[in-house]
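The values are calculated or read from the model by the stated rules, or taken from the named source; none is laboratory data. Keep in mind the model is a prediction, meaning the values are calculated, not measured. We place every Cβ from the backbone using ideal geometry, glycine too, and count neighbours over all the protein chains shown.
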Amino acid sequence: MIDARNHLSNRSLGPQRQRLLNGNLQVRAFATNLVSNPIFDDLHSFHLVIQGVRPEMPHADSALIPSGLNKSAFWQHVHVQLAALLEGQRNWVTNLANASSLIYSSLLAYEPYFGHGERAVNWCGAYFISALLPDSVFGAYRVGPALIISVFSGFYVVARLFPQPQITQAGAHGDVASEASHNLLLGPFCGKPACQFINTTPDQARGVCADAFIRRQTALVPDVNAYPGHIACDGETQSEIVCPLIVKTSGYETVVGVLDLDCLALGGFTEEDQQGLEGIANLLVQACDW
């Protein structure tokens, strides 16, 4: 284990991260090439996952953001932190719960472009095809979302109730999604309560999530009020970005859902955000069994 406190003693990490480095916490450093990160002066930078009493478990401080990051470096930082959180876990419900929380919390902490004010991201989460949420041994069920309110409010569910892989382990492909109920069902998210399902039936679909799902490409919407068929789950939302989650198995591509973010400001998301989120979407589909 690297003593990152000595390595980073002369670097500007911001008061929150510096406070943690000075505390009695174990620090694991992940080396990665992030040349564009302005807070490091060498070709190899270290992204820190702060760990407490049980170093093998994810820690809430993964969402702390070093000061001075530009947009590109910010998304690289979030990507590396998320990869560490996903390590050793393949269940998509668990991973998407942590991913939505990490992205949401990191954006709230990223004051230069988002933060808690008028440019805040007010929703981050996912919608999935209904085939991924089959009936349980106890009848129809849905795993509840992890909704962040103040410190923590969410759910832990016994492992045997979690959905079993329908695509990656079963060897299935595109037909899994095609004959489903043509609905996207609400998955793990952070933010206010959201629409429970979104219709993706051809010629009946509406909204940004449905369009990104059907077209299999990211939808970057600077003004949701000008978008045809926009579904206003939260009337305060002004802009939105939706990235499809595309699983590739045995030469087939299956869109299993979408990653959806809303913002309180017009034009809240840019092409830099799109690039960063598409990288995260790709990381998630590879890190989970669907």
Next on the checklist: Among the residues that make up region 118-136, is at least one of them in a helix (DSSP H, G or I), modelled with pLDDT of 70 or more and not assigned by TED's automatic domain parsing to the domain that holds THR201?
Outcome noted: no
Checklist outcome for this item: Output for Cβ contacts, cut-off 6 Å, separation at least six or different chains, first residue of a type in the set (Phe, Trp, Tyr) in region 61-88, second buried (at least 16 other Cβ atoms within 10 Å of the Cβ) and assigned to a helix (DSSP H, G or I), reads TRP75/GLY276
Checklist entry - Which ones in region 241-290 are of a type in the set (S, T, N, Q), in contact (Cβ under 8 Å) with a residue 40 or more places away in the chain and within 18 Å of SER100 (Cβ to Cβ)? => result GLN274
